[in-house]
Amino acid sequence: AQTVTQSQPEMSVQEAETVTLSCTYDTSESDYYLFWYKQPPSRQMILVIRQEAYKQQNATENRFSVNFQKAAKSFSLKISDSQLGDAAMYFCAYRSARGADGLTFGKGTHLIIQP
Amino acid sequence: GAGVSQSPRYKVAKRGQDVALRCDPISGHVSLFWYQQALGQGPEFLTYFQNEAQLDKSGLPSDRFFAERPEGSVSTLKIQRTQQEDSAVYLCASSSGTSGTSEQFFGPGTRLTVL
């Protein structure tokens, strides 16, 4: 079974600064996908960024980028130029390439943006 | 509608009551997922449908939990003889594809409180 670990229950960053959220995972599979989801207080989960394990290039979406280290099974999220609207719970998630099962989530990191 | 909708948004049940939670996925989405999110935790996978076929129900915690999607669109998660440990937010997600990389779009969730 796959597991996802987020070791930072809470992180705080000044507005306009950069913050990195950590995620490690454990799997015996070679082909899989990794995701970062954002869950604002309204509770609707939103996809932030995704990474295919077979791609060496790190994914980037505007101010959001990942550092994917497949050998180390690490998948961190970097948020540049933090904005007040970035405040939320962030969940790292894993999904097998087989596609016939759901996402495996970490416990989440609560991101606080200090004005 | 534009997104995934769930009803009711809040449900209070007395221990031992049966409850039914509804999910309306995005129109045309083939895949539908149910997750259970306990307070302060990440979502945990319950079950997965591809059209009307329930392909994975390995995450259902007990035989009191039952899910269906008879016509391949709306889905219902039923919990019989509710227990206090069933208290959680139940999230529904849908995606247009069946591969592991297909983005899952989440609904706002149903918060179930069992007294």
Average beta-carbon neighbours from other chains, 10 Å sphere, peptide A:37-44: 4
Hz values of 3J(HN,Hα) by residue in segment A:26-32 - Karplus curve (6.51, -1.76, 1.60), Gly and Pro given as x: 10, 7, 9, 7, 9, 10, 6
Violating pairs (Cα-Cα greater than 22 angstrom) within the set A:K38/A:K107; A:K55/B:K57; B:K14/B:K78; A:K73/A:K107: A:K55/B:K57
Least to most buried among A:T27, B:T110, A:T5 (fewest other Cβ within 10 Å first): A:T5, A:T27, B:T110
Unit charges at the beta carbon, dipole of the protein assembly as shown: most positive-side option, A:T18, B:S62, A:V4: B:S62
Normalised alpha carbon radius of gyration of chain A [divisor 2.2 N^0.38 Å]: 1.02
J(HN,Hα) series, segment A:4-13, from Karplus relation 6.51 cos²θ - 1.76 cosθ + 1.60, nearest Hz, glycine and proline x: 10, 10, 10, 8, 10, x, 8, 9, 10, 9
Whole-Hz couplings from phi, Karplus 6.51/-1.76/1.60, listed for segment B:61-70; x for Gly and Pro: x, 7, 6, 7, 9, 9, 10, 8, 8, x
Cα-based shape type of segment B:5-114, given that a ≥ b ≥ c are square roots of the gyration tensor eigenvalues and the cut on a/c is 1.5: prolate
The protein assembly as shown, dipole about Cα centre (Lys/Arg Cβ +1, Asp/Glu Cβ -1), debye to the nearest 20: 420 debye
Averaged over B:103-109, number of beta-carbon atoms from partner chains that fall within 10 Å: 5
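Taken together, the values in this text are just the output of simple stated rules run on the coordinates, not laboratory data. As the structure is a computational prediction, the values presented were derived from the model and not from experiment. Positions of Cβ are generated from backbone atoms using ideal geometry, with glycine treated the same way; all protein chains shown enter the neighbour counts.
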